[in-house]
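For reference, the structure discussed in these notes is given below.
The values are calculated or read from the model by the stated rules, or taken from the named source; none is laboratory data. For clarity, every value in this text was computed on a predicted model and none was experimentally measured. Quick reminder, even Gly has a Cβ in these numbers, built from the backbone with ideal geometry, and neighbours come from all protein chains shown.
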Amino acid sequence: MIKDKQLVDELYGNTESPHVLKDPDTAHLTIHHDEVIGMHSVPGLNIDTNKIEDGIEVNVKLNKGVRIDKQVHLCFGMFPEKGIQKIVMDVDIGTNSYISLLAHCIFPFAVDVQHIMDANIRIGENAKYKYLEKHVHSPRGGVKVIPKAKVNIGRNAEFKTEFELVKGRVGLIDIDYETFCGENAVVEMLARISGHDDDEIKIRESAYLEGKNARGALTSKIAVRGRARAEIYNKMTASAPFARGHVDCKEIVQDDAVATAIPIVEVHHPKAHITHEAAIGSVDNKQLETLMSRGMSEDDAVDLIIEGMLS
Amino acid sequence: MAIIEIENLTLALNGKNIIAKLNVEFWEGHVHAVVGPNGAGKSTLASTIAGLSGYTDFEGEIRYNGESLKGMNIDERARKGITLAWQEPARFEGLSIKSFIMASSRENDESLVLRVLDDVGLDAEDYMHRSVDRTLSGGERKKIELASILAMRPRVALLDEPDSGIDVESLERIFEAVDILKRDGTTVILITHSLAVLNRAEHAFLMCDGNIIDKGTIDKISKYFEDRCIPCDHKNMPNKAEIKETV
Ligand SMILES: Nc1ncnc2c1ncn2[C@@H]1O[C@H](COP(=O)(O)OP(=O)(O)O)[C@@H](O)[C@H]1O
Ligand SMILES: [Mg+2]
């Protein structure tokens, strides 16, 4: 179903995958503001949507044992300068299944836009769930992105997410993800965000490694310039034998920007192990001078180093 | 003709003169070696010519093609053709070898990346898309540094200890890269305390305690390695053990 082809095309025109919608084996869901404008599913995957105030409720169910080889495309966006987009998601991933999703969040003209995501995700035993979210924002910074998720990861299951916001201004982003890992389960969350001007970045990610042998990695790579601020509160707790994890935060700070990292690691079992590492500072001088010694200007060199760090 | 002329160069680091009233000329298009024991000030001299931060506040004069380098930043000097390869090159997380090499070149030509990687003996297919990060061995990292310098086509290349961390077979590739630079007309300044590297130069300078204390043919300067350091009143008199170790 494509309700407004032109609008869908325009939204996807901001992404690197404008062609996918023509493929019958690729599932997709496109929401513009508070309206579903395109949707297509594939066998074993049920997507249904309901209109709610300022947004859409989305229920995704992946049946047991279903493996969806082609990445599923989600596109949430809006073109108007002002408005609220609220997405309430319920995701139920059946046992032994596999799905990989690519979500584009497109707000190219935002002056005062709020994108609120509230997700509840359950990943069944042995299932694998991958979620990559890419944001394209206006250069004016008028976006508030408030994603919240609660994720239960079953035995032997995997949850891997990547959040990327490196184009346009951040505006305000306030991520709050909570994950609970069962026995042998894996959680990996990576955020790559670049802030300028008076952008504000807040990340609160937690991973509770509750099952035996559960594994977790929380990684944040942040660059802040101008007067931007970043606060990263990552928390990992391990309460079962052989649970192990790592919390990693890299932040490059330029100009008058401020970055804070507050990792919390908590171990409740003598056979569990968690490490953390935080590196916050300006661009490394040797890296900078290496590029400058090949003829690059300081600004270009800083950009290239940050681009690398965020990649 | 001298492409770099240094007159009465004095440079202090943390209040201590590391280079004191040094005079030297590097002729254009030649491969020079600056040799000397650890702590002689070789890297400091290279950093001062390249214009690294912390090394720009010197007394005396450094002229490049007759023009003073005083007050000129590292990138301005690089755009005029002076570059430096560090003894321990920097690592860049997430930056591909391809982007790193392209950043050095003025041409936007991908085939150049293939060529310069080949020149230093690395298989471009295997390396292009890898990152210039901690997953590279020290030797691989040095070769990539040299590849980026080949891509830049500088007029003066200062190579600080180009053989450190390089195995014997790879060393030959490093020397071939030096030959390519020379063929392109680049003036190469090899900073070294190794006899193998010294032997590849056409002209050598002996540095000790912040000064150039002798210069001449490779034969003449390599005598230093045979334990005949020119007598002088320097403080860091190289001891025999150290000289033996470096040979
Ligand atoms: N930043 C610094 N502050 C003070 N002394 C320094 C600094 N860097 C180097 N030195 C000293 O300067 C001398 C020359 O160092 P360097 O140029 O690295 O020698 P080489 O490369 O010949 O081994 C050494 O004694 C070293 O300890
Ligand atoms: Mg040195």
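Can you find, within segment B:169-193, the residue that is farthest from the chain's Cα centre (by Cα) among those that are outside any helix (DSSP H, G or I) and farther than 18 Å from B:MET1 by Cβ? Full working, then the answer.
Just the residues of segment B:169-193 that are outside any helix (DSSP H, G or I), to begin with: B:184-193.
Cutting the leftovers down to farther than 18 Å from B:MET1 by Cβ gives us B:190-193.
On the way: B:LEU190: 5, B:ILE191: 5, B:THR192: 8, B:HIS193: 12 Å.
Among residues in segment B:169-193 that are outside any helix (DSSP H, G or I) and farther than 18 Å from B:MET1 by Cβ, the one farthest from the chain's Cα centre (by Cα) is B:HIS193.
Could you tell me whether any residue of segment B:21-41 is of a type in the set (Lys, Arg) and outside any strand (DSSP E or B)?
Quick first cut of segment B:21-41, residues of a type in the set (Lys, Arg) only: B:21.
Filter once more, so that each one left must be outside any strand (DSSP E or B): none.
No; the residues of segment B:21-41 include none that is of a type in the set (Lys, Arg) and outside any strand (DSSP E or B).
I'd like to check something: does segment B:105-115 contain any residue that is within 14 Å of another protein chain (Cβ to nearest Cβ), modelled with pLDDT of 95 or more and within 20 Å of the chain's Cα centre (by Cα)?
No, every residue in segment B:105-115 fails to be within 14 Å of another protein chain (Cβ to nearest Cβ), modelled with pLDDT of 95 or more and within 20 Å of the chain's Cα centre (by Cα).
So, in segment B:87-104, exactly how many residues are within 7 Å of another protein chain (Cβ to nearest Cβ) and either of a type in the set (Val, Ile, Thr) or touching a residue at least 60 places away in the same chain (Cβ under 8 Å) (or both)?
0
Please state which one of B:ASP133, B:ASP160 is within 21 Å of B:VAL35 (Cβ to Cβ) and of a type outside the set (Val, Ile, Thr). First the steps, then the outcome.
Numbers: B:ASP133 fails: within 21 Å of B:VAL35 (Cβ to Cβ).
Answer to the check: B:ASP160.
For segment B:139-168, which residues satisfy the criterion of being in a loop (DSSP other than H, G, I, E, B) and more than 16 Å from ligand 1 (Cβ to nearest atom)? Explain how you work it out, then say what you get.
Step one: list which residues in segment B:139-168 are in a loop (DSSP other than H, G, I, E, B), which gives B:153-155, B:161-167.
Correct list: B:ARG153, B:PRO154, B:ARG155, B:ILE166, B:ASP167.
So, B:ARG79, is that one without any contact (Cβ under 8 Å) to a residue 24 or more places away in the chain, surrounded by fewer than 21 Cβ atoms within 10 Å (Cβ to Cβ), facing chain A (nearest Cβ under 9 Å) and within 18 Å of B:SER148 (Cβ to Cβ) or not?
On the way: without any contact (Cβ under 8 Å) to a residue 24 or more places away in the chain: yes; surrounded by fewer than 21 Cβ atoms within 10 Å (Cβ to Cβ): yes; facing chain A (nearest Cβ under 9 Å): yes; within 18 Å of B:SER148 (Cβ to Cβ): yes.
So B:ARG79 passes the test.
Quick check on this structure: which one of A:GLU16, A:GLU10, A:GLU35 is surrounded by fewer than 16 Cβ atoms within 10 Å (Cβ to Cβ), closer than 24 Å to A:GLY142 by Cα, modelled with pLDDT under 95 and not hydrophobic (A, V, I, L, M, F, W, C)? Quick ask: steps written out before the conclusion?
Numbers: A:GLU10 fails: surrounded by fewer than 16 Cβ atoms within 10 Å (Cβ to Cβ); A:GLU35 fails: surrounded by fewer than 16 Cβ atoms within 10 Å (Cβ to Cβ).
Exactly one residue qualifies, and that residue is A:GLU16.
Give me a count of the residues in segment A:284-307 that are surrounded by fewer than 17 Cβ atoms within 10 Å (Cβ to Cβ), over 18 Å from B:SER47 (Cβ atoms) and either within 7 Å of another protein chain (Cβ to nearest Cβ) or among the β-branched types (Val, Ile, Thr) (or both).
1
Look at segment A:6-52 and say how many of its residues are assigned to a helix (DSSP H, G or I) and of a type outside the set (D, E, K, R).
7
Within the set of pairs 6 or more residues apart or between chains, which connect a residue that is within 14 Å of chain A (Cβ to nearest Cβ) and closer than 19 Å to B:SER105 by Cα inside segment B:121-147 to a residue that is assigned to a helix (DSSP H, G or I) and basic (Lys, Arg) with Cβ atoms less than 7 Å apart?
B:HIS129/B:LYS98
Within segment B:17-41, restricting attention to residues that are away from ligand 2 (no atom under 16 Å from the Cβ) and either in contact with a Cys (Cβ under 8 Å, 6 or more places away or on another chain) or charged (D, E, K, R) (or both), which residue is nearest to B:VAL156 (Cα to Cα)?
This residue is B:GLU28.
One residue is enough: does segment B:121-129 have a residue meeting the conditions buried (at least 21 other Cβ atoms within 10 Å of the Cβ) and within 16 Å of ligand 2 (Cβ to nearest atom)?
no
Can you find a residue that is within 16 Å of ligand 2 (Cβ to nearest atom) and under 15 Å from the mean Cα position of the chain (by Cα) anywhere in segment B:55-63? Talk me through it step by step, then tell me what you get.
Taking segment B:55-63 and keeping what is within 16 Å of ligand 2 (Cβ to nearest atom), we get B:55.
Narrowing further to those that are under 15 Å from the mean Cα position of the chain (by Cα): none.
No: segment B:55-63 contains no residue that is within 16 Å of ligand 2 (Cβ to nearest atom) and under 15 Å from the mean Cα position of the chain (by Cα).
Quick one: would you say B:ALA204 is surrounded by fewer than 20 Cβ atoms within 10 Å (Cβ to Cβ) and not polar (S, T, N, Q)? Write out each step before concluding.
Details: surrounded by fewer than 20 Cβ atoms within 10 Å (Cβ to Cβ): no; not polar (S, T, N, Q): yes.
No.
Could you tell me whether segment B:141-159 includes any residue that is in contact with a strand residue (DSSP E or B) (Cβ under 7 Å, 6 or more places away or on another chain), away from ligand 2 (no atom under 16 Å from the Cβ), modelled with pLDDT under 95 and not aliphatic (A, V, I, L, M)?
Checked against the condition, which is being in contact with a strand residue (DSSP E or B) (Cβ under 7 Å, 6 or more places away or on another chain), away from ligand 2 (no atom under 16 Å from the Cβ), modelled with pLDDT under 95 and not aliphatic (A, V, I, L, M), segment B:141-159 yields no hits at all.
When you go through B:ALA201, B:ALA196 one by one, which is the residue that is more than 16 Å from ligand 2 (Cβ to nearest atom), more than 14 Å from chain A (Cβ to nearest Cβ) and in contact (Cβ under 8 Å) with a residue 40 or more places away in the chain? Steps first, please.
Values: B:ALA196 fails: in contact (Cβ under 8 Å) with a residue 40 or more places away in the chain.
When all the criteria are applied, what remains is B:ALA201.
Of the numbered conditions (1) crowded, with 18+ Cβ neighbours inside 10 Å; (2) within 20 Å of the chain's Cα centre (by Cα), A:ASP118 satisfies every one except a single condition; which is it?
Status for A:ASP118: all satisfied but (1).
Does segment A:213-222 contain at least one residue that is of a type in the set (D, E, K, R), within 14 Å of chain B (Cβ to nearest Cβ) and touching a residue at least 60 places away in the same chain (Cβ under 8 Å)? Spell out how you get there, then give the answer.
We begin by selecting, within segment A:213-222, every residue of a type in the set (D, E, K, R); these are A:215, A:221.
Retained after the next criterion (residues that are within 14 Å of chain B (Cβ to nearest Cβ)): A:221.
With touching a residue at least 60 places away in the same chain (Cβ under 8 Å) added as a condition, the list becomes A:221.
Yes, there is a match, as at least one residue in segment A:213-222 is of a type in the set (D, E, K, R), within 14 Å of chain B (Cβ to nearest Cβ) and touching a residue at least 60 places away in the same chain (Cβ under 8 Å).
Checking the conditions here, which among B:LEU45, B:LEU9, B:LEU84, B:LEU69 is farther than 19 Å from B:VAL178 by Cα, modelled with pLDDT of 95 or more and within 16 Å of ligand 2 (Cβ to nearest atom)?
Numbers: B:LEU9 fails: within 16 Å of ligand 2 (Cβ to nearest atom); B:LEU84 fails: farther than 19 Å from B:VAL178 by Cα; B:LEU69 fails: within 16 Å of ligand 2 (Cβ to nearest atom).
Exactly one of B:LEU45, B:LEU9, B:LEU84, B:LEU69 is farther than 19 Å from B:VAL178 by Cα, modelled with pLDDT of 95 or more and within 16 Å of ligand 2 (Cβ to nearest atom), namely B:LEU45.
Testing A:ILE264 on (1) under 21 Å from the mean Cα position of the chain (by Cα); (2) surrounded by fewer than 17 Cβ atoms within 10 Å (Cβ to Cβ); (3) closer than 19 Å to A:ARG192 by Cβ, one condition comes back false. Which one is that?
(3)
Condition check: without any contact (Cβ under 8 Å) to a residue 40 or more places away in the chain, more than 13 Å from chain B (Cβ to nearest Cβ) and under 30 Å from B:ALA85 (Cα atoms). Does A:GLY281 satisfy that? Lay out the reasoning, then the answer.
Values: without any contact (Cβ under 8 Å) to a residue 40 or more places away in the chain: yes; more than 13 Å from chain B (Cβ to nearest Cβ): yes; under 30 Å from B:ALA85 (Cα atoms): yes.
Answer is yes for this residue.
Can you list residue pairs whose Cβ atoms sit under 6 Å apart, with the first residue in segment B:34-61 being near ligand 1 (Cβ under 7 Å from one of its atoms) and the second being of a type in the set (Lys, Arg)? Count only pairs 6 or more apart in sequence or on different chains.
Every condition considered, the pairs that remain are B:GLY36/B:LYS42.
A quick yes/no check of all residues on (1) touching a strand residue (DSSP E or B) at 6+ places or on another chain (Cβ under 7 Å); (2) within 16 Å of A:ILE99 (Cβ to Cβ):
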| site | (1), (2) |
| --- | --- |
| A:ASP4 | yes, no |
| A:VAL8 | yes, no |
| A:TYR12 | yes, no |
| A:LYS22 | no, no |
| A:SER41 | yes, yes |
| A:LEU45 | yes, yes |
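Go through segment B:47-76 and give me each residue that's small (Gly, Ala, Ser) and within 13 Å of chain A (Cβ to nearest Cβ).
Step one: of segment B:47-76, the residues small (Gly, Ala, Ser) are B:47, B:50-51, B:53-54, B:60, B:66, B:68, B:71.
The answer is B:SER47, B:ALA50, B:GLY51, B:SER53, B:GLY54.
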